[in-house]
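Q: Attaching a single structure in structure tokens format; questions to follow.
FYI, it's all coordinate maths here, none of it is from the lab. These numbers come from a predicted model, not from an experiment. Because the Cβ atoms are built from the backbone with ideal geometry, glycine has one as well, and the counts that use them run over all protein chains shown.
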Amino acid sequence: MTGLVALIAGALFGAGLLLSGMTNPANVLAFLDVTGHWQPALAFTMAAAVTVAFPAYAIVRRRQRTLLGQPVDQPERSLIDAPLLLGSGLFGVGWGLSGVCPGPGVVVLTTGTLPAIAFGGGLAIGMIMANVASRRAPGEPRGA
């Protein structure tokens, strides 16, 4: 049942990304170009996403369980540390340079084009590097 729910949620998410134009890097870059020919269309997409997500997160915070009854591990909300800042910065720079963030990037992978494959490869390498870095013991020097 969990797999079916995940499949439906993923398909719905992918369809929303396609419908909103977030899989087109030109749309995303035009949205990020606030000093040039800014196109605010994605702001409406983000507003719609927040409108849907806000009550869902409120329900999960109250219940501490998913709709299927699985426990939800919620991160510490006030912890702002170096990994968070570094990850956020890298995400923003990558998104700004490519016009593609991981969600739409996965959808674009289905096209099989060279830019999509390059993005997917970079995403996979980044995920592996983040996984390796997170496995280091606290205080352990890099490269040890």
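Q: Please identify the pairs in which a residue from segment 101-127 that is free of Cβ contacts under 8 Å to residues at least 40 places away in the same chain has its Cβ atom under 7 Å from the Cβ atom of a residue that is surrounded by 16 or more Cβ atoms within 10 Å (Cβ to Cβ) and outside any helix (DSSP H, G or I), counting only partners at least 6 apart or on another chain.
A: Note: pairs meeting the criteria are Phe119/Val100.
Q: Between residues in segment 26-45 that are in contact (Cβ under 8 Å) with a residue 40 or more places away in the chain and closer than 17 Å to Cys101 by Cα and residues that are β-branched (Val, Ile, Thr) and buried (at least 16 other Cβ atoms within 10 Å of the Cβ), which pairs lie under 7 Å by C-beta distance while being six or more apart or on different chains?
A: As it stands, the answer is Val28/Val100, since those pairs meet every condition given.
Q: Across segment 39-89, which residue is surrounded by the fewest Cβ atoms within 10 Å (Cβ to Cβ) among those that are hydroxyl-bearing (Ser, Thr, Tyr) and within 19 Å of the chain's Cα centre (by Cα)?
A: Only one residue fits best here, namely Thr51.
Q: Quick check on my filter: what residues within segment 19-38 are aromatic (Phe, Trp, Tyr) and either over 18 Å from the mean Cα position of the chain (by Cα) or over 30 Å from Arg77 (Cβ atoms) (or both)?
A: Within segment 19-38, Trp38 is the sole residue that qualifies.
Q: Out of Leu17, Leu42, Leu7, I need the residue that is more than 18 Å from Trp95 (Cβ to Cβ) and assigned to a helix (DSSP H, G or I). Which one?
A: Matching residue, one of Leu17, Leu42, Leu7: Leu7.
Q: Can you pull out the residues in segment 90-114 that are among the hydroxyl-bearing types (Ser, Thr, Tyr) and surrounded by fewer than 13 Cβ atoms within 10 Å (Cβ to Cβ)?
A: Thr110, Thr111, Thr113
Q: Turning to a different aspect of this structure: Being out of contact with any helix residue (DSSP H, G or I) (no Cβ under 9 Å at 6 or more places or on another chain) and either surrounded by 10 or more Cβ atoms within 10 Å (Cβ to Cβ) or hydrophobic (A, V, I, L, M, F, W, C) (or both) is the filter here; which residues of segment 29-38 pass it?
A: Across segment 29-38, the qualifying residues are Asp33, Val34.
Q: Return the total of residues in segment 8-28 being among the β-branched types (Val, Ile, Thr) and crowded, with 17+ Cβ neighbours inside 10 Å.
A: 2
Q: Might you let me know whether segment 68-82 holds any residue that is of a type outside the set (Phe, Trp, Tyr) and assigned to a helix (DSSP H, G or I)?
A: yes
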